[in-house]
Number of protein chains: 2
Amino acid sequence: MGKVISGICISVDGFVAGLHMTEDKPFGELPNIHQSLCKWLFGQADQNKNEIASLTSAGAFIMGRNMFGPTGAQYSTWQGWWGEEPPYHAPVFVLTHTARDSLSLQGGTTFYFVTDGILSALEQAKKLAGDKDVAIAGGAHTVNQYLKAGLIDELWLHIVPVIVGQGQRLFEEMPEINLEILEQRGTDLVTHIKYRILK
Amino acid sequence: MGKVISGICISVDGFVAGLHMTEDKPFGELPNIHQSLCKWLFGQADQNKNEIASLTSAGAFIMGRNMFGPTGAQYSTWQGWWGEEPPYHAPVFVLTHTARDSLSLQGGTTFYFVTDGILSALEQAKKLAGDKDVAIAGGAHTVNQYLKAGLIDELWLHIVPVIVGQGQRLFEEMPEINLEILEQRGTDLVTHIKYRILK
């Protein structure tokens, strides 16, 4: 059976996205944060190819409602931020309070909408992931919930050299958790640290 | 002339100390945080000798009142947490609201108590540091004030693999600040990242 991992791009001050996401602003309203936090993904694909692959190599994904789409009336027809062929190529479980039929897009990505909580989503994701990892993809609130519940095995931080000052903060209201450094390396645009969560 | 640097041990979730420091708890009341954040300093002196040296190699230091000592009646005679020979061997400017005569201890450390603000402390520290760097030693509130004011040239983070959950957080209420990665390396107990602050 695979592990439960969460790999996430994070600013030096601990934010993973801005506030007030809208249809054309998946990372919220801070003008530079999207580019700032993702630049290494696009600008240095060769140097970071293992880390880029690791962000989309899981056998199933879990994400929060706000990572899937902006709040608002278009929810029932919203197809995600990622176009016709999302990069997941696997089942993606979206935590939501509003039931919706599953949505299959090109390339093997199917979004399932889970209304009965994080444990249920994890159980379903593990079933479909088989031997592969389950990835808690984000956003901050979703990763924080799984961290708090002790359900994540490895945390892969991609620390981007910017202080953004506000937004959605990873590590809000955490218990004390000891980590073990498994790997660390970087380029001039990002520092990668892979932690095992000690239980 | 030297640079203004701040080197600080920080948890993965961005805390540099616990809450409620007392005479025997310089890092606050979280039972494990002192040991957690400093273990690499003592346990791996050889592997981290450049970083350890960098924490005390400045020509002058600035620290907040709470880093110098706990609040309480003994302030007028308190001599710091560091015993008879503090590791600074240089002038240390303590930001405080309560005037006090300077305090000279063994090995060249003299504490000066500055009541007229961060700019005045920096000006005095630069004068005494000569060609050497001025270090903003902590705690979180003091480093945050200097960061916000745009007065720090380099930020040296020593990221310790622990989530502590509460305490004094670096990077509170920051403006957006772009950084440049100058160096990054680590051991199994700590990740060192040296950032230049872009202005």
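The values are calculated or read from the model by the stated rules, or taken from the named source; none is laboratory data. Small disclaimer: the values here were computed from a predicted structure and weren't measured. We place every Cβ from the backbone using ideal geometry, glycine too, and count neighbours over all the protein chains shown. Note: areas computed on protein heavy atoms with side chains; ligands, DNA, RNA excluded. Shrake-Rupley method; radii C 1.70, N 1.55, O 1.52, S 1.80 Å.
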Worksheet, complete the sentence: The answer for the protein assembly as shown, accessible area per residue at 1.4 Å probe in Å², is 45 Å²
Worksheet item: Taking amide H positions as placed 1.01 Å from N in the peptide plane, with prolines and chain starts having none, which residues 5 or more places from A:GLN168, or on another chain, fall under 5 Å of its amide H?
Response: A:VAL16, A:ALA17, A:GLY18
Discussion item. To the nearest hundred square angstrom, how large is the accessible surface buried between B and A, total for both chains, probe 1.4 angstrom?
Written reply: 2600 Å²
Practice prompt. Might you report the magnitude of the Cβ-based charge dipole of the protein assembly as shown about its Cα centre, with Lys and Arg at +1 and Asp and Glu at -1, to the nearest 20 debye?
Written response: 80 debye
Item to complete: Add +1 for every Lys or Arg and -1 for every Asp or Glu among the other residues with Cβ under 9 Å from the Cβ of B:TYR75, and state the total.
Response: +2
Practice prompt. Between the label point of A:LEU198 and that of the same position in each other copy, find the distances and list them shortest first in nm, with every label point placed 7 Å from Cα along the Cα-to-C-beta direction.
Written response: 3.7
Worksheet item: Which semi-axis lengths, in whole Å and largest first, follow from the square roots of five times the eigenvalues of the Cα gyration tensor of the stretch A:39-104?
Response: 26, 13, 10
Fill in: Gyration tensor over alpha-carbon atoms, the protein assembly as shown, equivalent ellipsoid semi-axes in Å
43, 20, 19
Fill in: Volume per residue of the C-alpha convex hull in the stretch A:93-136, rounded to whole Å³
74 Å³
Worksheet item: Hey, could you pull the Cα Rg and Dmax for the stretch B:133-199, both in Å?
Response: 12.5, 34
Worksheet entry | Shielded by partner chains, the stretch B:185-199 residues - at least 10 Å² of accessible area, 1.4 Å probe, vs chain alone | B:GLY186, B:THR187, B:ASP188, B:THR191, B:ILE193, B:TYR195
Item to complete: Give me the percent of the accessible area of chain A that comes from carbon and sulfur atoms, probe 1.4 Å, all protein chains in place.
Response: 49 percent
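Going from the alpha-carbon gyration tensor of chain A, what semi-axes, largest first and in whole Å, does one get by taking the root of 5 times each eigenvalue? Mind showing how you got there, number by number?
Details: eigenvalues 111, 83, 59 Å².
Over the Cα atoms of chain A, the semi-axes work out to 24, 20, 17 Å.
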